[in-house]
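A.B. asks: One structure, as structure tokens, below. Some questions next.
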Protein chains: 2
Amino acid sequence: MRIGILGTGLVGQTIGSKLVQGGHEVMMGSRDEANPKAVAWAKDLGHNALFGTFANAAAFGEIIFNCILGSASLAGLRQAGAENLKGKILIDLSNPLDYTEDTWALTVCNTDSLGEQIQRAFPDTKVVKTLNTINCNVMVAPEKLPERTNIFVSGNSAEAKAIVSSLLRDWFGWKLIMDLGDITSSRAVEMYVLLWRRLRKAVSSHRLNIKVVTE
Amino acid sequence: MRIGILGTGLVGQTIGSKLVQGGHEVMMGSRDEANPKAVAWAKDLGHNALFGTFANAAAFGEIIFNCILGSASLAGLRQAGAENLKGKILIDLSNPLDYTEDTWALTVCNTDSLGEQIQRAFPDTKVVKTLNTINCNVMVAPEKLPERTNIFVSGNSAEAKAIVSSLLRDWFGWKLIMDLGDITSSRAVEMYVLLWRRLRKAVSSHRLNIKVVTE
């Protein structure tokens, strides 16, 4: 499959590398046509790894990953262009985090979420929020945790969530994928990130996740 | 031990009953001196179960549980009285939930929390936020879940958190108790409640909790 990755940070690189290793063609997009991080990443991974602008990557991908920082996501997606995203699934990993304070805070929460803002801004795109509740090392290697843990999908399209769930299983090895509801459930997983940060401090590791236990 | 329970709802009754069954003297406090729910509860449980006003229960208890609805907690605690709470541990189970909408929302979050508001309003009381991340049936019977799960403690006093953790083990059977930090970490566990609600819908059960899995 042809996949567009928006964002050249650690999340984009980790997801992109895993997908190239899985035999997919991946284009990493950034604000500039030849972002040094994207160029180095593509050179390292061979001819199935490409780079370009946000718009190039969005046009290239049959499925798009939003790995842009939360604070820059809406601007980056506008550069990617509604036409290039139209009719496609956008897998949204972003968190609306404000890192300026030592205590993290969200720039939107409670009665709205970044997932919803993105869905409203791109009504012809099927936004599926997922993977934002874990560090990128866990995203692509859930089996490295000692037990199976949960990830979540939120979105308005049941079909898109089913496709994304299937891809999360096939590409990354996720077994426990829970559908939380429509895109308003992005609020819940984005707000959880403040608990994730406290857990990370408490266990002194980024490699952590939660398992939902019920009767 | 003498324990004051503020609030006569399901949470207060469940906690209070478990403590009376454990051999403690428990006074359930409410706005009115003889709240019908508190009177019925006390009659049902025998002479170690007492009832009175918020102020009576706060004066009676060596340790106090805040089981008042989030929206009424600060007003109820003011009725309990700073003098009656002074120097004591207040175990705060409340969540600042606005139930008026079908989609739950918090009345305070992100850069503040109900736990912090209570601590600021009662600076001479040691507030420990805990147990707000689970349904009351799970609070007093964690062993009924098929696996051990986590609860969290937040508070400014390390000594108070250690005491509360010990009581949670002895009284209710909790094994995995994680210290999340000072009272500002109340934000994280209160904001998690929106995820809890989505999980409850997804698994169709109130009897659920999360287990933190790390390497």
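The values are calculated or read from the model by the stated rules, or taken from the named source; none is laboratory data. Worth saying up front: this structure is predicted, and the values here are computed from it rather than measured. Every residue, glycine as well, gets a Cβ built from its backbone with ideal geometry; the counts of neighbours run over all protein chains shown. Areas reflect the complete protein model, heavy atoms only, side chains present, ligands, DNA and RNA absent. Shrake-Rupley method; radii C 1.70, N 1.55, O 1.52, S 1.80 Å.
A.B. asks: Looking at A:Glu147, is it within 7 Å of chain B (Cβ to nearest Cβ), at pLDDT below 95 and over 15 Å from the mean Cα position of the chain (by Cα)?
C.D. replies: no
A.B. asks: Anything in the range A:59-84 that is β-branched (Val, Ile, Thr) and closer than 22 Å to A:Tyr99 by Cβ? List them, or say none.
C.D. replies: Result: A:Ile68, single match.
A.B. asks: With B:Val108, B:Val138, B:Val153 as the choices, which residue is within 14 Å of chain A (Cβ to nearest Cβ), modelled with pLDDT of 95 or more and surrounded by fewer than 22 Cβ atoms within 10 Å (Cβ to Cβ)?
C.D. replies: B:Val108
A.B. asks: Considering (1) under 21 Å from A:Ile15 (Cβ atoms); (2) open to solvent by less than 50 Å² (accessible area, probe 1.4 Å); (3) more than 17 Å from the chain's Cα centre (by Cα), say which one A:Leu90 fails and leave the rest.
C.D. replies: Evaluating A:Leu90 over (1) under 21 Å from A:Ile15 (Cβ atoms); (2) open to solvent by less than 50 Å² (accessible area, probe 1.4 Å); (3) more than 17 Å from the chain's Cα centre (by Cα) leaves (3) as the failure.
A.B. asks: Same structure again: Residue under question is A:Glu116, and the condition is that it be at pLDDT 95 or above, among the acidic types (Asp, Glu) and within 18 Å of the chain's Cα centre (by Cα); does it hold?
C.D. replies: When the stated conditions are applied, A:Glu116 passes them.
A.B. asks: Let me ask another. Kindly establish whether A:Lys86 is among the basic types (Lys, Arg) and more than 22 Å from A:Asn135 (Cα to Cα).
C.D. replies: The answer is yes for A:Lys86.
A.B. asks: On to the next question. Let me confirm something: among B:Ile64, B:Ile68, which residue is touching a Leu at 6+ places or on another chain (Cβ under 6 Å), more than 17 Å from B:Thr133 (Cα to Cα) and surrounded by 24 or more Cβ atoms within 10 Å (Cβ to Cβ)?
C.D. replies: B:Ile64
A.B. asks: List pairs: first residue in the range B:36-48 and closer than 16 Å to B:Gly22 by Cα, second residue aliphatic (A, V, I, L, M) and open to solvent by 50 Å² or more (accessible area, probe 1.4 Å) anywhere in the structure, Cβ distance under 8 angstrom, at least six positions apart or on different chains.
C.D. replies: From residues that are closer than 16 Å to B:Gly22 by Cα, the pairs are B:Ala42/B:Leu50.
A.B. asks: Let me ask another. Of all residues in the range A:198-209 being open to solvent by 10 Å² or more (accessible area, probe 1.4 Å) and over 27 Å from A:Leu19 (Cα atoms), which is farthest from the other protein chains (Cβ to nearest Cβ)?
C.D. replies: Applying the filter and picking the extreme gives A:Ser204.
A.B. asks: Of (1) surrounded by 15 or more Cβ atoms within 10 Å (Cβ to Cβ); (2) not in a loop (DSSP other than H, G, I, E, B), B:Thr8 satisfies all except one. Which?
C.D. replies: It is condition (2) that B:Thr8 fails.
A.B. asks: May I ask you to list pairs of residues, at least six apart or on different chains, whose Cβ atoms are under 6 Å apart, with the first in the range A:170-191 being facing chain B (nearest Cβ under 7 Å) and the second being assigned to a loop (DSSP other than H, G, I, E, B)?
C.D. replies: Close Cβ pairs satisfying both conditions: A:Arg187/A:Ser113; A:Val189/A:Asn132; A:Val189/A:Thr133; A:Met191/A:Cys109.
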